[in-house]
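Got a structure for you, written out below as structure tokens; questions coming shortly.
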Amino acid sequence: RFSVKTLIDRSCFETIDDTSPEFNNFAAILEQILSHRLKGQITWFGYESPRSFWDYIRVACRKVSHNCICSIENMENVSSSRAKGRAWIRVALMEKHLSEYISTALRDFKTTRRFYEDGAIVLGEEANMLAGMLLGLNAIDFSFCLKGEGLDGSYPAVIDYTPYLKFTQSSDSISSDEEELRTLGSSGSEGSTPENIGPPFITDENSWYNKCKRVEQKYRLALEQKGYLEELVRLRENQLSESVSQNKLLLQRIEDMDLAHKMEKEQLEYIIVELQDQLTVLKNNDLRSRQELTTHLTNQWPSPGALDVNAVALDTLLYRKHNQQWDEKSFQSLDQLSAEVSLSQSSLDPGHSQDGKQDGMNMLNEGKEDTPSLLGLCGSLTSVASYKSLTSLKSSEYLASPTTEMTSPGLTPS
């Protein structure tokens, strides 16, 4: 009702076209009414695809004489279903048949029921008043361009409610509010025309009293709207202040988290550098220890030839002891074996190689009394206690250990 009224008032001063905000708002409202609770189209696979109100108008308005359905279907620059519906609204207004189209479609209740769900506006009681309200638009001359951007069906229809928060009737309006609403509401057929259109004659005091009442009612309504808007502004200001304070707290928290993150990153970098230094020191120490151990083992460990000689001497000694063949010839062989073992072990130390050779030659030349490596062994062979110790040594597991006792203490490498 408000959109129709504002559209009629605007038509008194200028021609209505696509640039008029009143017409754009009226078209958006009519499109929302015709699209309210519109059923979707069930496809062959059982899915429901959305529909536009043009699908309903195309079927329900076929019975209107000299209709524009075929013309809109054959338009080249209009492709989508929503764009065709918007083009139909403009063509119907220019032909001044919009009310006839709507009334014909609403009378086809079976088709309307098939396209709309329960609770839709076109199925309610308000739908009967829709055609009567649209009848007043037949007095307006519209001029639209069907190639403009208003026919684009890519964006939905948006209703602007700001003009209706406080509606003021123009002083140049033809009739009063009550007469216009009564005329638009009572005209349910196409041929009904409003009667007694004209300015009312003020004849008595009751009319002045009624005018004062209307002015007072408008004043109270404006006062209530003002209070509502002020309360809404205060609420929005409180919400804005709370949002600003929360934003400050969040920014402060983000800064604190960034600072803590930087400090943790620096600490982790310092720890990583320190661990790398410690790992380098440990690697150097391990390498140095390996080199020292290798050098020590190389200098201390006897050669394989000397170990073989010691093993042969010990096996010979144990075998002759077992067969009770201790004679002077065996003693002489032991002297020779001991001399060879001492010479081979002294050859491990490069610094004592020459001394070892000289000592070996002296031991071979001088005899058994001058050989210090065999003094203890010869004394042990002549005693009963040493013989028992050798017998127990043969039965033990460590048979290779006496080879080191056969060598001379003075000739062992340092």
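For residue 241, what charge total do you get from the other residues with a beta carbon under 15 Å from its beta carbon, if Lys and Arg give +1 and Asp and Glu give -1? Before the final figure, lay out each step's value.
Details: positive: 234, 236, 248; negative: 237, 242.
Counting the neighbours of residue 241, the net charge comes to +1.
Name the long-range amide H neighbours of residue 16: under 5 Å, sequence gap of 5 or more, or other chain; modelled H, no Pro or chain starts.
HN-HN under 5 Å from residue 16: 143.
Convert each backbone phi in the stretch 273-289 into a coupling constant with the Karplus relation 6.51 cos²θ - 1.76 cosθ + 1.60 (shift: θ = phi - 60°), then list the ³J(HN,Hα) values in order as whole Hz, x for Gly and Pro.
5, 5, 5, 5, 5, 4, 5, 5, 5, 5, 5, 5, 4, 5, 5, 5, 5
Using the structure shown, list the pairs from 5/110; 84/147; 5/96; 96/147; 96/218; 5/39 with a Cα-Cα distance above 22 Å, or answer none.
5/110; 96/218; 5/39
Using bins 10 angstrom wide from zero, how does P(r) for the stretch 221-261 break down, in % of all Cα pairs?
Histogramming the stretch 221-261 at 10 Å steps yields 27, 26, 19, 15, 9, 3 percent.
Enter the accessible area of residue 100 (Å², nearest 10), with the probe set to 1.4 Å and all protein chains included.
40 Å²
Please list 3J(HN,Hα) in residue order for the stretch 34-44, calculated via the Karplus relation 6.51 cos²θ - 1.76 cosθ + 1.60 where θ = phi - 60°; whole Hz, with x for glycine and proline.
Once rounded to whole Hz, the list reads 6, 9, 5, 6, 7, 5, x, 8, 7, 7, 5.
Here's another thing I want to ask about it. Using a 1.4 Å probe and counting only protein heavy atoms, arrange 286, 9 so the residue with the most accessible area comes first.
Values: 286 75, 9 15 Å².
Sorted descending by solvent-accessible area, the residues read 286, 9.
Would you grab the residues whose amide H sits under 5 Å from the one on residue 116? Only those 5+ places off in sequence or on another chain, please, with H modelled 1.01 Å from N.
Residues meeting the criterion, in which the H sits 1.01 Å from N, are 39.
So, taking all protein chains as they sit and a 1.4 Å probe, how much accessible area belongs to residue 212, in Å² rounded to tens?
Here the residue's solvent-accessible area equals roughly 80 Å².
While we're on this one: Looking at the stretch 1-51, which chymotrypsin sites (Phe, Trp or Tyr not before Pro) are in a loop (DSSP not H, G, I, E or B) and have at most 16 other Cβ atoms within 10 Å?
Qualifying residues, ordered by number: 13, 44, 45, 47.
Only Lys, Arg, Asp and Glu count, each charged at its Cβ (+1, +1, -1, -1), so figure out the dipole size of the stretch 3-124 about its Cα centre, rounded to 20 debye.
500 debye
While we're here: Please give the Cα centre distance for the stretch 32-88 versus the stretch 116-161, rounded to the nearest Å.
For the stretch 32-88 versus the stretch 116-161, the Cα centre distance is 14 Å.
Working with all protein chains in place, sort 39, 262 by solvent-accessible area computed with a 1.4 Å probe, largest first. Working shown, then result.
Numbers: 39 70, 262 130 Å².
Largest to smallest exposure gives the sequence 262, 39.
Turning to a different aspect of this structure: First measure r as the distance between the Cβ atoms of residue 212 and residue 164, then evaluate 1/(1 + (r/R0)^6) with R0 = 25 Å and state the FRET efficiency to the nearest 0.05.
Result of the calculation: an efficiency of 0.50.
The values are calculated or read from the model by the stated rules, or taken from the named source; none is laboratory data. The model shown is predicted, which means the values in this text are computed figures rather than measured ones. We place every Cβ from the backbone using ideal geometry, glycine too, and count neighbours over all the protein chains shown. With ligands, DNA and RNA removed, areas are computed over all heavy atoms of the protein, side chains included. Shrake-Rupley method; radii C 1.70, N 1.55, O 1.52, S 1.80 Å.
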